[in-house]
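**Student:** Below is the structure I would like to discuss, written out as structure tokens.
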Amino acid sequence: MKRDPHCEVRQVIGNSNIWETDLIPILKQHSENQDLFRSVIRLMFLLSMPTAEVFRQYYGKEDFPKDAEFLYNYNNVNETLHKYKDLFDDIELWKALKGEFQRVLSTPWEDQSKADSVSVERMLHIMRQILHVPSNENDQNRAPGEDTIHDKVCRSLIESDLASVLILIASNDDCIQYRPLVMEIIAYMLREQDMKDLAQVGFTP
């Protein structure tokens, strides 16, 4: 993928539904196979990178080309991210990630390996990148009061109790290196919420 300026590999993978048919089932059904689990996490981390960030690797920080071929490839890669985000409306998937977080974080800090740290960071990046994916056309055209896919993904995350792991990470001095990512994740979770409504939660006059 590093030598693919048109992101053709990403597009092929996105169109193949490999996340739904292979990668996510592996995480949910083979979490005890640490090497396999972490290999899948690494692949999902790379594939879920924001579209602009992916193309910036090839075109730098200057304005992207405006030609039809570039826009076609850019929009296709962006659409694959919407597909990936849809798949995270899955409590069992979040529970699989939670299990890996708990396994690493329950190990004393001094006994954690570099691979453990990398695994935690990649899972946090996946969470951030999935929640970063903006609303698509279906969300924008939804009926009033209907949940967006962002709402559904956040609800699944919360119902899996993975949010409690995020709180643990944010409050544990041994996890200080992960706090910026956790803060981003929380910010993205709240992105579509009305701040006035949030301010009233738990408030009793």
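**Student:** Answer yes if at least one residue in the stretch 50-61 is at pLDDT 95 or above, at negative phi and among the β-branched types (V, I, T), and no otherwise.
**Tutor:** Within the stretch 50-61 (the criterion being at pLDDT 95 or above, at negative phi and among the β-branched types (V, I, T)), the answer is no, since none of the residues qualifies.
**Student:** For the stretch 1-58: of the residues being charged (D, E, K, R) and closer than 18 Å to L124 by Cβ, which is surrounded by the fewest Cβ atoms within 10 Å (Cβ to Cβ)?
**Tutor:** For the stretch 1-58, the residue satisfying everything is E53.
**Student:** Still on this structure: Within the bounds of the stretch 53-68, is there any residue that is within 13 Å of the chain's Cα centre (by Cα) and not basic (K, R)?
**Tutor:** No: the stretch 53-68 contains no residue that is within 13 Å of the chain's Cα centre (by Cα) and not basic (K, R).
**Student:** Let me ask another. Within the stretch 129-150, take every residue that is surrounded by fewer than 16 Cβ atoms within 10 Å (Cβ to Cβ) and assigned to a helix (DSSP H, G or I) and give me the one that is modelled with the lowest pLDDT.
**Tutor:** Ranking the candidates gives Q140 first.
**Student:** Follow-up. If the requirement is being farther than 19 Å from E32 by Cα, part of a helix (DSSP H, G or I), touching a residue at least 40 places away in the same chain (Cβ under 8 Å) and out of contact with any Pro (no Cβ under 9 Å at 6 or more places or on another chain), which of these qualifies: I158, I186, I176, I126?
**Tutor:** Residue meeting the stated conditions: I126.
**Student:** So which residues in the stretch 145-180 are farther than 20 Å from K95 by Cβ, under 17 Å from the mean Cα position of the chain (by Cα) and of a type outside the set (K, R)?
**Tutor:** T148, P180
The values are calculated or read from the model by the stated rules, or taken from the named source; none is laboratory data. This structure is a prediction, so every number in the text was calculated from the model and none was measured. Positions of Cβ are generated from backbone atoms using ideal geometry, with glycine treated the same way; all protein chains shown enter the neighbour counts.
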